[in-house]
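First the structure, in the form of structure tokens, and then the observations on it.
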Amino acid sequence: MKFFRLLTPLLLAIVAVLWFAPAAWAFCGFYVAKADTKLYNKASQVVMARDGDRTILTMANDFQGEVKDFAIVIPVPTVLQKEQVHVTEPKIIERLDAFSAPRLVEYFDSDPCAPIGNYDRMDAVPAPAAARSEAGNARGDASLGVTVEARFNVGEYDIVILSAKESGGLETWLKRNGYKIPRGAKQLLQPYIRSSMKFFVAKVNLDKFEQSGYQFLRPLQISYQSPKFMLPIRLGMINATKEQDLIVYILSPQGQAEITNYRTVKIPSDVNIPLFVKQEFGEFYKSMFQTAYTKEDRKVGFLEYAWDMSSCDPCSAEPLTPEELKQAGVFWLDDNSASDVPVSPGFRRPFPRSNNVFISRLHVRYTRDKFPEDLIFQQTANRESFQGRYVLQHPFQGELKCQAGREYKRSLPKRFEQEAQTLAKLTNWKIQDIRNKMKLSVGNLRYSWWENLLSWVGLY
């Protein structure tokens with residue numbers, strides 16, 4: 001039986017809430033690993049490049065199945081023409097994901113017996129650079145209250161733009177044209193019709209897909225001008241049997257973006273965790289996000305990253321080049337770095353600007369009961385840098401013969417226990433299991449056997 005999916009310019013991600021005070025050291029450190037979207041079986045990704053009321057929206061496809069069965073229905077604020085729809089390469093979304101993903105970093109304690117230095121401060125290791133028949137059909141449509149506003153082909157996709165007077169007619173039109181609509185679609189379509197939104201409907205043109213030579217469907221990119229800064233997620237819940245993850249990359253010439261109709265919360269960040277997590281960072285991050293998501297009653301959006309895209313610290317991937325930013329939809333770059341990108345017929349950027357691009361990475365895990373409304377965003381002037389960042393602090397491994405060194409050794413058990421407690425709170429992992437694993441991390445410190453024993457019981 002033919003399979004149909006209602007997708008939307010959205011879907012999900014992972015995150016948490018900040019309940020630990022930030023560490024004293026600045027951003028930096030030796031980059032070790034990142035928590036990108038590969039951690040999740042299904043994490044929809046959307047890029048929104050927005051300046052004023054102009055938006056370029058890029059939707060990554062997570063479709064699994066025969067391409068002949070692929071179809072999307074997306075509410076859009078205006079009628080789109082062919083020049084406002086493009087296909088782009090998946091690589092550009094992969095680059096944004098890698099650049100903004102939560103990251104694990106390492107620090108190494110300095111020698112507390114050295115003439116200069118402070119044993120309770122970590123020496124930051126510089127971050128390395130990362131690699132980079134039409135008339136008859138029209139009469140039938142009119143009887144249903146459905147108007148085909150535009151019909152065109154872009155790349156491997158056949159696209160129609162529809163307007164409708166009522167959801168029952170739109171549902172009937174979609175069924176007559178070969179779309180199998182899930183139960184509940186009629187009720188979810190009605191609010192979009194009432195607000196005069198249009199419907200972007202795309203299928204795969206099999207002949208063009210075969211000619212293209214691509215193995216996977218490429219992301220669709222649409223440009224439009226509207227005061228509505230929103231992402232419709234309700235249609236994406238029709239087929240959902242469990243929670244869905246959505247990661248939204250918002251690119252702006254201003255500052256951080258946030259969700260206005262749900263709370264936006266920073267993920268827990270800048271905390272020291274045990275060294276063994278280096279081998280389990282993916283599982284750590286997934287557990288941490290689920291714990292924070294549950295703690296917030298499953299109805300917040302999480303900020304995982306906020307940064308000016310001209311730099312990063314530490315870098316989990318190189319900043320995007322001007323050409324890559326253009327591919328991601330950034331249309332306000334100056335003339336020396338990228339050409340104009342049309343947003344709607346007859347409209348182009350009216351004046352040059354500096355290459356000013358700020359990225360906000362928002363992660364939403366949603367269900368129909370906790371997220372009954374579409375996501376509404378706003379841009380802010382807040383350019384404060386933030387990242388999900390988790391620290392491995394390696395103890396000094398050399399000989400410690402001075403008084404400061406002895407004090408340093410006595411401080412380590414307390415520090416290790418604090419790391420264990422922090423990890424347990426973040427993940428809900430059992431504290432005794434964490435302590436057992438940490439023995440592998442701390443057992444190779446160069447202490448004599450009696451110093452090691454007495455320091456653990458607090459007598460040395």
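The values are calculated or read from the model by the stated rules, or taken from the named source; none is laboratory data. A quick note: this is a predicted structure, and the numbers were derived from the prediction, not measured. Note that we place each Cβ from the backbone using ideal geometry, even for glycine, and neighbour counts take in every protein chain shown. Heavy atoms of the whole protein, side chains included, go into the accessibility calculation; ligands, DNA and RNA do not. Shrake-Rupley method; radii C 1.70, N 1.55, O 1.52, S 1.80 Å.
Kindly evaluate Lys203 against the criterion of being open to solvent by 30 Å² or more (accessible area, probe 1.4 Å) and not in a helix (DSSP H, G or I). Answer is yes for this residue.
Scan region 231-263 residue by residue and report those that are in contact with a helix residue (DSSP H, G or I) (Cβ under 8 Å, 6 or more places away or on another chain) and open to solvent by 20 Å² or more (accessible area, probe 1.4 Å). Arg234, Ile238, Gln244 - these are the residues of region 231-263 that are in contact with a helix residue (DSSP H, G or I) (Cβ under 8 Å, 6 or more places away or on another chain) and open to solvent by 20 Å² or more (accessible area, probe 1.4 Å). Are there any pairs, at least 6 apart or on different chains, whose C-beta atoms fall under 9 Å, with the first in region 46-73 and more than 15 Å from Leu325 (Cα to Cα) and at pLDDT below 95 and the second hydroxyl-bearing (Ser, Thr, Tyr) and assigned to a loop (DSSP other than H, G, I, E, B), and if so, which? Here the result reads Ala71/Tyr179; Val73/Tyr179, each pair linking region 46-73 to a residue that is hydroxyl-bearing (Ser, Thr, Tyr) and assigned to a loop (DSSP other than H, G, I, E, B). For region 168-184, filtering for residues that are in a helix (DSSP H, G or I) and basic (Lys, Arg) leaves 2.
The residues of region 78-105 that are under 25 Å from the mean Cα position of the chain (by Cα), surrounded by fewer than 19 Cβ atoms within 10 Å (Cβ to Cβ) and not in a helix (DSSP H, G or I), listed by number, are Val87, Glu89.
Within region 267-286, one or more residues are under 21 Å from Ala43 (Cα atoms), surrounded by fewer than 18 Cβ atoms within 10 Å (Cβ to Cβ), modelled with pLDDT of 95 or more and not acidic (Asp, Glu). Determine which member of the set Gln221, Gln187 is outside any loop (DSSP other than H, G, I, E, B) and more than 25 Å from Gln45 (Cβ to Cβ). The match here is Gln187. Taken over region 184-225, the criterion of being hydroxyl-bearing (Ser, Thr, Tyr) and more than 21 Å from Ile238 (Cβ to Cβ) is satisfied by Ser196, Ser212, Tyr214, Ser223, Tyr224. There is no residue in region 8-18 that is of a type in the set (A, V, I, L, M, F, W, C), open to solvent by less than 40 Å² (accessible area, probe 1.4 Å) and either more than 25 Å from Phe371 (Cα to Cα) or at pLDDT 90 or above (or both). Give the residue that is modelled with the highest pLDDT, with candidates limited to residues of region 206-217 that are in a loop (DSSP other than H, G, I, E, B) and open to solvent by 30 Å² or more (accessible area, probe 1.4 Å). Residue satisfying both the conditions and the ranking: Phe216.
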